[in-house]
1. Of the conditions (1) crowded, with 17+ Cβ neighbours inside 10 Å; (2) assigned to a strand (DSSP E or B), PRO37 satisfies every one except a single condition; which number is it?
2. Tell me, yes or no, whether the range 104-115 has at least one residue that is in contact with a Ser or Thr (Cβ under 8 Å, 6 or more places away or on another chain), part of a strand (DSSP E or B) and polar (S, T, N, Q).
3. In the list ALA62, ALA50, which residue meets the criterion of being more than 14 Å from the chain's Cα centre (by Cα), part of a loop (DSSP other than H, G, I, E, B), surrounded by fewer than 13 Cβ atoms within 10 Å (Cβ to Cβ) and hydrophobic (A, V, I, L, M, F, W, C)?
4. Can you list residue pairs whose Cβ atoms sit under 6 Å apart, with the first residue in the range 114-136 being hydrophobic (A, V, I, L, M, F, W, C) and the second being in a loop (DSSP other than H, G, I, E, B)? Count only pairs 6 or more apart in sequence or on different chains.
5. Looking only at the range 1-31, filter to residues that are surrounded by 10 or more Cβ atoms within 10 Å (Cβ to Cβ) and in a loop (DSSP other than H, G, I, E, B); which one of those is modelled with the lowest pLDDT?
6. Return yes when GLU65 is over 15 Å from SER31 (Cβ atoms), modelled with pLDDT of 95 or more and of a type outside the set (A, V, I, L, M, F, W, C) and no when it is not.
7. If you take the residues in the range 103-136 that are of a type in the set (Asp, Glu) and more than 22 Å from ASN21 (Cα to Cα), which one is surrounded by the fewest Cβ atoms within 10 Å (Cβ to Cβ)?
8. Can you tell me which residue is farthest from LEU121 (Cα to Cα) among those in the range 17-66 that are of a type in the set (S, T, N, Q) and touching a residue at least 40 places away in the same chain (Cβ under 8 Å)?
Amino acid sequence: MGLGVPAVTQEPAAQEPLVMNWQDAEWGPPSNQPRFPAGLRNAPVATDPATDGPTYLARFPAGSEFEMHWHTHTETVMILEGSVFLIMAGERYTATAGSYIIIPGKIHHTWIVPPEDDVVLLARRDGPADFHFVEP
């Protein structure tokens with residue numbers, strides 16, 4: 001029976017309240033990273049302190065394609081503007097404004113944006129963001 005000081009437990013950092021209009025987002029510069037769509041722009045929204053999972057906005061230019069890839073953690077997406085063709089686990093889907101998408105971790109997927117308009121989406125990860133590209 002010890003007379004020690006009780007262990008101090010640290011509460012995980014709390015998520016901060018947030019209300020925002022995605023149209024007022026501060027977009028980062030257009031991407032020029034290899035294997036990512038040229039001109040892709042992101043705007044960070046928040047990071048879950050418990051999982052380190054980011055929530056962010058992404059704007060894919062009209063006519064762009066994101067190479068086949070996968071992530072370790074599940075990704076959920078809401079299409080806010082425009083439309084996109086999504087190939088996920090070998091199936092082709094069309095997602096338009098208002099579509100909600102769940103991409104389970106490790107599922108191969110690609111985004112193909114029609115040539116008419118950009119697509120804007122809100123994405124959230126269940127853990128840290130990672131990208132693993134599938135070799136053709």
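1. (2)
2. The answer is no, given that none of the residues of the range 104-115 is in contact with a Ser or Thr (Cβ under 8 Å, 6 or more places away or on another chain), part of a strand (DSSP E or B) and polar (S, T, N, Q).
3. Numbers: ALA62 fails: surrounded by fewer than 13 Cβ atoms within 10 Å (Cβ to Cβ).
Sole residue among the options that is more than 14 Å from the chain's Cα centre (by Cα), part of a loop (DSSP other than H, G, I, E, B), surrounded by fewer than 13 Cβ atoms within 10 Å (Cβ to Cβ) and hydrophobic (A, V, I, L, M, F, W, C): ALA50.
4. VAL119/GLY82; VAL119/VAL113; PHE133/ARG35; VAL134/HIS108
5. ALA13
6. Spelling it out, it is not the case that GLU65 is over 15 Å from SER31 (Cβ atoms), modelled with pLDDT of 95 or more and of a type outside the set (A, V, I, L, M, F, W, C).
7. So in the range 103-136, the residues of a type in the set (Asp, Glu) come out as 116-118, 126, 130, 135.
Then keep just the ones that are more than 22 Å from ASN21 (Cα to Cα); that gives 116, 126, 130, 135.
Values: GLU116: 9, ASP126: 16, ASP130: 12, GLU135: 5.
Among residues in the range 103-136 that are of a type in the set (Asp, Glu) and more than 22 Å from ASN21 (Cα to Cα), the one surrounded by the fewest Cβ atoms within 10 Å (Cβ to Cβ) is GLU135.
8. Filtering the range 17-66 down to residues of a type in the set (S, T, N, Q) leaves 21, 23, 31-33, 42, 47, 51, 55, 64.
Remaining after also requiring touching a residue at least 40 places away in the same chain (Cβ under 8 Å): 51, 55, 64.
Values: THR51: 21, THR55: 11, SER64: 14 Å.
Looking at the filtered set, the residue picked out is THR51.
The values are calculated or read from the model by the stated rules, or taken from the named source; none is laboratory data. For clarity, every value in this text was computed on a predicted model and none was experimentally measured. In this analysis, Cβ positions are derived from the backbone assuming ideal geometry, glycine residues included, and neighbour counts consider all displayed protein chains.
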